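A short worksheet on the structure shown next.
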Amino acid sequence: MPRKTIKELQDLKNKRNCVVTTAFDFWTARAVAEAGCDMIVAWATTLEDTKFVVSEVRRGAPDIVIGTGLPIDIAYCSKEDAMRAAMELREAGADVMYCSAIVPSTIKYLADQHVPFCCHHGYLPVDDTWFGGPRCVGKTAAEAIKLWDQIKSSEEAGAYQCELECAPAQFGELIAKHSKMNIISMGSGNLDGQ
């Protein structure tokens, strides 16, 4: 079976949901591959640990798109550090880079170098202290406009996909309808993927 591509995932938009799940080891990745999932997301805390996890997941699921998180201690230092980490993670077997709330200029820097990027908007665990804990994001008009602007900024910077976490379902559906990106729902309704 040929390895799935980002283009194939993009082509799913408006056709069927993209099935995304997590795996952190060879055996789980193998089971996910056998179940027919479209994409696996795998990560760890440090760059070295993430490279090991990604390599094991790639070994278990050689034909599935694998996304991984850029370690925060690297992703926010500089665009060059983010690129270096992305290249190391791609060498370990990752296809797509993730990072919660990374600035659009870094997404653009990576996208300009042909590194596929998935942004993450809505509720972000890193924002717990600002929100007063976990909650739905985008319930007020002002918050929905701000969220839409953030998503559009990521799209314009070159992200091909967005995880939308804990946003109102109707708002999530509007975002998916008006965005070119695949919008993957994390508790935000029935969007382009789950």
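The values are calculated or read from the model by the stated rules, or taken from the named source; none is laboratory data. Since the structure is predicted, the reported quantities are computational estimates derived from the model, not experimental observations. Because the Cβ atoms are built from the backbone with ideal geometry, glycine has one as well, and the counts that use them run over all protein chains shown. These area figures cover heavy atoms from the full protein model, side chains too; ligands, DNA and RNA do not enter into them. Shrake-Rupley method; radii C 1.70, N 1.55, O 1.52, S 1.80 Å.
So for region 46-171, if I pair up every lysine 8 or more residues apart or on another chain, how many of those pairs have alpha-carbons under 26 Å apart? Could you put the intermediate results ahead of the total?
On the way: 51/79; 51/108; 79/108; 79/146; 79/152; 108/146; 108/152; 139/152.
Going through region 46-171 pair by pair, I get 8.
Roughly speaking, to the nearest percent, how much of the chain's 1.4 Å accessible area is carbon and sulfur?
Values: 5350 of 9510 Å².
Roughly 56 percent, rounded to a whole number.
How big is region 19-59 on each of its three principal axes, counting only the C-alpha atoms and giving the largest first in Å?
Result for region 19-59: principal-axis Cα extents of 29, 16, 10 Å.
Counting only other residues whose beta carbon sits under 12 Å from that of residue 157, what net charge do I get with K and R as +1, D and E as -1?
Neighbourhood net charge equals 0.
Where does the charge balance sit around residue 124 when Lys and Arg score +1, Asp and Glu -1, over other residues with C-beta under 12 Å from its C-beta?
-3
If you average 1/r across every pair of different Cα atoms in region 1-82 and take the reciprocal, what Kirkwood value do you get, in Å?
13.4
Tell me the trypsin sites (Lys or Arg not before Pro) within region 15-122 that lie in a loop according to DSSP and have at most 11 other beta-carbon atoms within 10 Å.
Passing sites in region 15-122 are 15, 16.
Quick one: ranking 73, 38, 81 by accessible area, 1.4 Å probe, largest first, what do you get?
Values: 73 105, 38 5, 81 55 Å².
These residues rank, largest area first, as 73, 81, 38.
Please give the net charge around residue 18, taking every other residue with its beta carbon less than 15 angstrom from that of residue 18, where Lys and Arg add +1 and Asp and Glu add -1.
My count for the surroundings of residue 18 gives 0.
Calculate, for region 50-95, the solvent-accessible area per residue in square angstrom, rolling a 1.4 angstrom probe over the heavy atoms of the protein chains.
On a per-residue basis, 41 Å².
For q values of 0.16, 0.19 Å⁻¹, compute log₁₀ I(q)/I(0) with the Debye formula on a Cα-only model of region 31-125, without solvent.
Here the Debye-derived log intensity ratios amount to -0.61, -0.84.
Based on the alpha carbon coordinates of region 73-194, what radius of gyration and maximum Cα-Cα distance (Dmax) apply, in Å?
14.3, 43
Can you give me the relative contact order of the chain as a percent, contacts being Cα pairs under 8 Å and 6 or more apart?
18
Taking the highest mean first, how do the peptides 151-157, 20-26 order by number of other beta carbon atoms within 10 angstrom per residue?
151-157, 20-26
Which chymotrypsin sites (Phe, Trp or Tyr not before Pro) in region 48-153 sit in a loop by DSSP (not H, G, I, E or B) and have at most 15 other Cβ atoms within 10 Å of their own Cβ?
Hits after loop and neighbour filter: 76.
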